[in-house]
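Input: a single structure, listed below in structure tokens.
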Amino acid sequence: MSALRGSCMLRLFKWILIVLVLTVGYCWLDQVLPRYDVVRIVGTDTKRLDSSGFFDSEAPNVQATNTRDVRFVNTVYPSGTLRVYRNEDTDWGFPWYYKFDSGNLMAAAQSFQSSTESPKWVVIKSYGWRVTYLTMFPNVLSIRAASAPDEYVIPWMRIFVFGGLAIALIWLYFRLRRFKRERLDPMLTRIENHVSAAADAVDDHAVAVSSRATGFMARIRRWLDSWKPKNQRRYK
């Protein structure tokens, strides 16, 4: 019963680890791969932020030692939901979008700025997440005019990356199953047989030693019994 419970716990731990790795991998890819939004630009501005690494967080009450000016593009979805993007060069760093034209993109964003009465819808290509509590903003990669507020852009890169990874994971799964069936299981069976044979040999040796010890002790008892008077001997 305990062995069965241990096997179930091991299997559960394995699946929890697999799900955790897949979730972390998906979130990381979702954060760095580009996405497309159809929005209306309502304004642009520039803020000085603390260079705090991955989250690009702002520290309003802290004297920053390493700050940078960040351009922002303020937009609205057709549904009325607000969306704020940052506009920074990626240069040669990761993710490798090699963006060097943040100034030109700011000029394009200002040229597309429009009002509710005469909206101009644009398609913004960006990467990253918008997390309000962490002051995270997606980074603009390109801006172009949209054909309509309901235009849909097929995210080919996401399809290729996630599709390719899914195919690779499925292939790896079946390769590992085949390796386990053809190589690992026979090897484990041989090891189990060797261990079982060794255990049987140890048991047989222990029985033989016990038998010899029993015979030796019996001879000692008979020898000691021979020193007694004949009428008191246990062994005749």
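Observations on the model:
- Among residues other than Val42 with Cβ under 13 Å from its Cβ, the summed charge is +1 (Lys and Arg +1, Asp and Glu -1).
- The amide H of Trp121, built 1.01 Å from its N in the peptide plane, has Ala146 as neighbours under 5 Å, considering only residues 5 or more places off or on other chains.
- Note on Thr81, Thr90: ascending count of other Cβ atoms within 10 Å places them as Thr81, Thr90, the fewest first.
- Whole-Hz couplings from phi, Karplus 6.51/-1.76/1.60, listed for region 152-159; x for Gly and Pro: 10, 9, 6, x, 4, 5, 5, 4
- Between Asn104 and Arg177, the simple label model (points 7 Å from Cα in the Cβ direction) yields a spacing of 5.0 nm.
- Bridging of Lys99 to aspartates and glutamates at a Cα separation below 15 Å is possible for Glu88, Asp89, Asp91, once same-chain residues fewer than 8 apart are set aside.
- In order through region 162-171: 3J(HN,Hα) via Karplus (6.51 cos²θ - 1.76 cosθ + 1.60), integer Hz, x for Gly, Pro: 5, x, x, 5, 4, 4, 5, 5, 5, 4
- Rough spin-label spacing in nm, given labels placed 7 Å along Cα→Cβ, for Cys8 and Leu82: 5.2 nm
- Distance in nm between pseudo-label sites at Asp150 and Arg190 (7 Å out along the Cβ direction from Cα): 6.6 nm
- Neighbours of Asp101 by Cβ distance under 14 Å: Lys/Arg scored +1, Asp/Glu scored -1, total +1.
- Per-residue HN-Hα couplings for region 93-109 [Karplus 6.51, -1.76, 1.60; θ = phi - 60°; Hz; x = Gly/Pro]: x, 8, x, 7, 9, 6, 8, 10, 10, 4, x, 5, 5, 5, 5, 5, 4
FYI, it's all coordinate maths here, none of it is from the lab. Every value quoted in this text rests on a predicted model; they were computed, and no experiment measured them. Counting neighbours? That spans all protein chains shown, and the Cβs are built from the backbone with ideal geometry, glycine included.
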